[in-house]
Amino acid sequence: MTTSQKNLAPGEQAQAFLSREVHHHFIDGDSVPALSGQTLTTVNPSTGAVLARIAAGDEADIDRAVLSARKAFQGQWSTWTPYGRQALLTRVAQILDENFEELIQIEAMDMGAPVSRLRNSKPALMKMLSFFASQAANISGETLMNGIPGNVTTMTLKAPVGVVGGIIPWNGPLNGQFWIIGAVLASGCTAVLKPSEDASLSVLRVAEILYEAGVPAGVVNVVTGLGKEAGHALAAHPDVDRIAFTGSTQTGRSIIEASTVNIKKLQLELGGKSADIVCADADLDKAVPGAAMGVFANSGQICFAGTRVLVQRAVVDEFTERLLAFMDTLRVGHSLDAAATLGPVISQPQLDKVLSYIDVGQDEGAELLRGGGRLGGEFENGYFMQPSVFAGVTNEMRIAREEIFGPVLSILPFDDVDEAVAIANDSEFGLGGAVWSQSLSTALRVVRGVHTGTMWVNCYGYIDPLVGFGGTKMSGYGSKGSAAHMENYLYTKSVYIEL
Ligand code: NAD
């Protein structure tokens, strides 16, 4: 940013950033065009209009970025002390705090989340940076006993794993990228990030801001481009030590295959079809908005969305009536409309996919109680969809088995808690899930019974880096947050010292 841009209001700063003719890669502390000279367009999902041009990266650009990351990993960055990296993370938090309004405007226009939602996400980002700053100074090995004759001391050291490839989805890149960047800066690794072709701009702007905050050149690089080109090249690159991937299960499988070239370490955060179980004794004042926003938040584009809402038969009618009343309070609107609670979905193909599930659900015999259509009028050029509800859904239906990734909630009635647990477990995914009950013993029975990476009781969607979050089954492995997160960025060296 030039000095004159620093005096602009956040909206003007965002516009100044967006007005660039092409948004190039960010490699080795510099903005660099794709070697091929090719670009892609990215669209504002609220208007359907082209928002920006980004570099169309390919294998050659990934090579260049990996070289920069390797050079930085072996260079001066490797001599930084834990306190130095901790202070850097604190500086990063401060500069993000100062630039947050600009960043959320860029993110809102690029991926469609309403500014109200993005603004509310700031405390979570700041907490994440505090967490990683604390982790920077908490990396330790062990001194171990041994049975070797003589005077041999044995211990383990932790060392940064090396160059990390971060492959990021479009549903929340502004905050999501910090699960990788935070751990990279705390551990002493370096990174090449490949954001989604549908939402790369906040990742590019953050890379510049990090550089301004003092992150050395080459420590965080960004290559934009298509998944099957730039993304695949990163996953298959022989000099990348580890991949942190968040995205669909299908792409996760391709990444596993590509990563075999040098036996990369992997962290895979994949899709979900989480069950949200509302028992007859639940406090419906909390359960109704909780379950509704567990699906509709971010227009349903959240991996752990509780899209299968299992409701005990005795309260299905009351729950449904209250749910529909709650939905009247939701306001779908342009992402820059301060009053909007829900924005568009990301793209025309995503809208088509979500709408196709409305047909699938009706063909399968589910009852569409609300929504199901694209919004017209002032919204006709954007990718807006009515929040939608299906009733009478059974777990065999495709709408209960496949990830829709849009604002579509399915109500599945159940009779007793064991049946609810069995339905919840009858899924290839195991990411999130919740139970609403005023009985602690019922809640704990469900928590223990459901085979999933994260469970919420009488709430939905809290994530704290100190606690962590992750998936099992086809939702992936390698949790985000908690001490386990840092372990993913480190390897253990066993040391034998004969004295
Ligand atoms: P996606 O898998 O299509 O794309 C994710 C990223 O992978 C993008 O950057 C894309 O360009 C890249 N990519 C695509 N094909 C690739 C390939 N062959 N090799 C390497 N990279 C490739 O996912 P999406 O549509 O961007 O995001 C939605 C999906 O992400 C949903 O399934 C959702 O559940 C999942 N998700 C999971 C979590 C989680 O924490 N578990 C969080 C957010 C999103």
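The values are calculated or read from the model by the stated rules, or taken from the named source; none is laboratory data. Note that the coordinates shown come from a computational prediction; the quantities given were computed from them, not determined experimentally. Don't worry about glycine lacking a Cβ; one is built from the backbone with ideal geometry, like all the others, and counts go over all protein chains shown. Ligands, DNA and RNA are stripped out before the accessible areas are found, and what is left, the full protein with its side chains, is counted by its heavy atoms. Shrake-Rupley method; radii C 1.70, N 1.55, O 1.52, S 1.80 Å.
May I ask you to compute the full-extension gain from residue 283 to residue 74, defined as 0.36 nm times their residue separation minus their alpha-carbon distance, rounded to one decimal in nm? Mind showing how you got there, number by number?
Working: separation 209, 0.36 × 209 = 75.24 nm, distance 5.59 nm.
Between residue 283 and residue 74, full extension yields 69.6 nm more.
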Loop-resident chymotrypsin sites (Phe, Trp or Tyr not before Pro) in segment 395-464 with no more than 13 other Cβ atoms inside 10 Å, DSSP not H/G/I/E/B, are 462
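Roughly how many percent of the accessible protein surface of segment 333-484 is carbon and sulfur, given a 1.4 Å probe and a whole-percent answer?
On the way: 3200 of 6250 Å².
Heavy-atom surface of segment 333-484 belonging to carbon and sulfur, 1.4 Å probe: 51 percent.
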Taking Cα pairs closer than 8 Å and at least 6 residues apart, the relative contact order of segment 275-464 in percent is 28 percent
Computed on Cα atoms, Rg of segment 275-464 relative to 2.2 N^0.38 Å comes out at 0.98
Long-range amide H partners of residue 385, meaning residues 5 or more apart or on another chain whose placed amide H is closer than 5 Å, are 345, 375
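Suppose a student asked you for the relative contact order of the chain, using Cα pairs under 8 Å spaced at least 6 residues apart; what percent would you report? Provide the component values of the computation, followed by the final result.
Details: 1130 pairs, mean separation 90.0, N = 499.
Taking the mean separation of contacting Cα pairs over the length of the chain, I get 18 percent.
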Taking 347-359, 292-304 and ranking on average Cβ neighbours within 10 Å, highest first, one gets 292-304, 347-359
Sorted by chain and then number, the residues having a modelled amide H within less than 5 Å of the amide H of residue 276, at least 5 places away or on another chain, are 308, 309, 310, 434
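Could you order the peptides 157-168, 46-57, 102-113 from most to least packed, using the average number of other C-beta atoms within 10 Å per residue? Please report the intermediate quantities before stating the final value.
On the way: 157-168: 22.8, 46-57: 20.0, 102-113: 27.5.
Peptide ranking by packing, descending: 102-113, 157-168, 46-57.
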Under the Karplus relation with 6.51, -1.76 and 1.60 and θ = phi - 60°, whole-Hz ³J(HN,Hα) for segment 406-419, x at Gly and Pro, equal x, x, 10, 10, 10, 9, 10, x, 9, 9, 10, 4, 4, 5
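Send over a whole-number figure in Å² for the accessible area per residue of the chain, probe 1.4 Å. Mind showing how you got there, number by number?
Values: 19720 Å² over 499 residues.
Value returned for the chain: 40 Å² of accessible area per residue.
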If amide H atoms are modeled at 1.01 Å from N in the peptide plane, then the residues at a separation of 5 or more from residue 57, or on another chain, having amide H under 5 Å from its own are 224, 225, 226
Here the residues of segment 241-277 lying in the modelled label zone of residue 472, meaning backbone nitrogen under 18 Å from a point 7 Å along Cα-to-Cβ, are 268-277
In nm, the gap between the two label points placed 7 Å beyond Cα toward Cβ at residue 375 and residue 440 is 4.3 nm
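At a Förster radius of 45 Å, what calculated FRET efficiency corresponds to the Cβ-Cβ distance of residue 63 and residue 362, to the nearest 0.05?
On the way: r = 49 Å, r/R0 = 1.09.
Efficiency computed from Cβ-Cβ geometry: 0.40.
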For segment 1-78, listing GluC sites (Glu not before Pro) in a DSSP loop whose Cβ sees at most 12 other Cβ atoms within 10 Å gives 21
Computed over segment 364-499, the relative contact order (Cα-Cα under 8 Å, seq sep at least six) in percent reads 15 percent
Phi-derived 3J(HN,Hα) across segment 286-292 with the Karplus relation (6.51, -1.76, 1.60, θ = phi - 60°), rounded Hz, x for Gly and Pro, is 8, 5, 5, x, x, 5, 5
For the pair residue 396 and residue 451, the simple spin-label estimate (label points 7 Å beyond Cα toward Cβ) gives in nm 2.1 nm
As straight-line cross-link partners of residue 353, the qualifying lysines (C-alpha separation under 28 Å, not fewer than 8 residues apart within one chain) are 194, 228, 273, 473
Sorted on mean Cβ neighbours within 10 Å (highest first), peptides 360-368, 333-341, 240-248 come out as 240-248, 333-341, 360-368
